[in-house]
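Q: After the structure tokens below, expect a handful of questions from me.
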Amino acid sequence: MGDTLNEALISIRNASKLGREEVDVRASNLVGRVLRVFQKYGYIDQFEYVENGKGGIFRIKVAKTINNCGVIKPRFSVRRNDMEKWESRYLPAQDIGLIVISTTGGVMSNSEAKKKGTGGRALAFIY
């Protein structure tokens, strides 16, 4: 029983590398919000919550090949002016992949946070 977001992203990455179309991960509110961002940008097709009597799981259908994804620990504070620094640290190239950020306006990608002119806490990356 560790970090549910980390376990979910490792499961998604492994399923993508093995060519599996579906993966089950433990459910939490944060994992659900991060999955919505991944779905919005096409990294996963769909996901659904399934009650299993132990807190529930998300059943996820992986859409395309995911090269890498993971959590950002510790959850660094990202200022709106320093977004490029974090992108160059965690993403392979400009405009490839995304960083998921928790802001006062909700969980969103780095590009959405730039448009809204807000910062927050870096949660995860995917490309």
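Q: Which residues, taken from the range 41-52, are open to solvent by less than 100 Å² (accessible area, probe 1.4 Å) and assigned to a loop (DSSP other than H, G, I, E, B)?
A: Of everything in the range 41-52, those that are open to solvent by less than 100 Å² (accessible area, probe 1.4 Å) and assigned to a loop (DSSP other than H, G, I, E, B) turn out to be 41, 42, 43, 52.
Q: Provide a single number: the residues in the range 11-29 that are of a type in the set (A, V, I, L, M) and open to solvent by 30 Å² or more (accessible area, probe 1.4 Å). Write out each step before concluding.
A: Step one: of the range 11-29, the residues of a type in the set (A, V, I, L, M) are 12, 15, 18, 23, 25, 27.
Subsequent filtering for residues that are open to solvent by 30 Å² or more (accessible area, probe 1.4 Å) retains 18.
Counting residues in the range 11-29 that are of a type in the set (A, V, I, L, M) and open to solvent by 30 Å² or more (accessible area, probe 1.4 Å) gives 1.
Q: Residue 46 is checked against (1) of a type outside the set (A, V, I, L, M); (2) without any contact (Cβ under 8 Å) to a residue 40 or more places away in the chain; (3) over 21 Å from residue 106 (Cβ atoms); (4) in contact with a strand residue (DSSP E or B) (Cβ under 7 Å, 6 or more places away or on another chain) and fails just one. What number does that condition carry?
A: (3)
The values are calculated or read from the model by the stated rules, or taken from the named source; none is laboratory data. The shown structure was predicted, so the numbers you read here are calculated from the model rather than taken from an experiment. Ideal geometry is used to build each Cβ from the backbone, glycine not excepted, and the neighbour counts take in all protein chains shown. Just the protein is used for accessible areas: all its heavy atoms, side chains included, with ligands, DNA and RNA removed. Shrake-Rupley method; radii C 1.70, N 1.55, O 1.52, S 1.80 Å.
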